[in-house]
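Each value in this text was obtained by applying a stated rule to the coordinates, not by laboratory testing. Owing to the predicted nature of the structure, the values given are computational and were not obtained by experimental measurement. As a convention, Cβ positions derive from the backbone with ideal geometry for all residues, glycine included, and neighbour counts pool all protein chains shown.
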Amino acid sequence: MPENIYKTDGTIDSFENRFPERDYEIEFVAPEFTSVCPMTGQPDFGTLIVTYTPEARCIELRSFKFYLQTFRNRGIFYENVVNTVLDDIVAAIHPRHLMVTGDFNTRGGISARITASYSAAGEE
């Protein structure tokens, strides 16, 4: 077993993609995502959906769970959550394609869905 398997420091670990020549999608759904509204200090709840096509590396799921838990007590706007998760995944595994959607629960009569995407083909 790798030495870092029990890390809980919020980093996104990865493992080798054994099918790098093939385009395929991996989707993670985190229906119990929580963060804190930076304006009110109240908890925010939602579902995060991460869909990506890996290149050389895949996200190790356990580390990703611990990474998401680092948002639990963090004051952060919805838009920042989605874009931060996108940026951190790109930095960790450099996927071919990535889409992160935050589907946040209704608060004050309004729900919010934020989507950010990345494509390695779009890089110059």
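Below is a table of values for the structure above.
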| quantity | calculated |
| --- | --- |
| Sparse-neighbour loop sites [chymotrypsin sites (Phe, Trp or Tyr not before Pro); the stretch 55-124; at most 14 other C-beta within 10 Å; DSSP] | none |
| Tail beyond 16 Å, pair distance distribution of the stretch 30-80 (Cα, percent) | 46 percent |
| For P54, net neighbour charge (Lys/Arg +1, Asp/Glu -1) across residues whose Cβ lies under 15 Å away | -4 |
| Cβ-based exposure ranking for S35, S14, in which fewest neighbours within 10 Å come first | S14, S35 |
| Positive minus negative residues near R72 (Lys, Arg vs Asp, Glu; Cβ under 12 Å) | 0 |
| For V36, net neighbour charge (Lys/Arg +1, Asp/Glu -1) across residues whose Cβ lies under 12 Å away | +1 |
| Highest average packing first - 26-32, 87-93, Cβ atoms within 10 Å | 87-93, 26-32 |
| Per-selection Kirkwood Rh - the stretch 44-124 (Cα, Å, 1 d.p.) | 13.4 Å |
| Between 0 and 90°, nearest 10: helix 78-93 axis offset from the chain longest Cα axis | 20 degrees |
| Calculated over the stretch 1-99: convex hull of Cα atoms, volume per residue (Å³) | 90 Å³ |
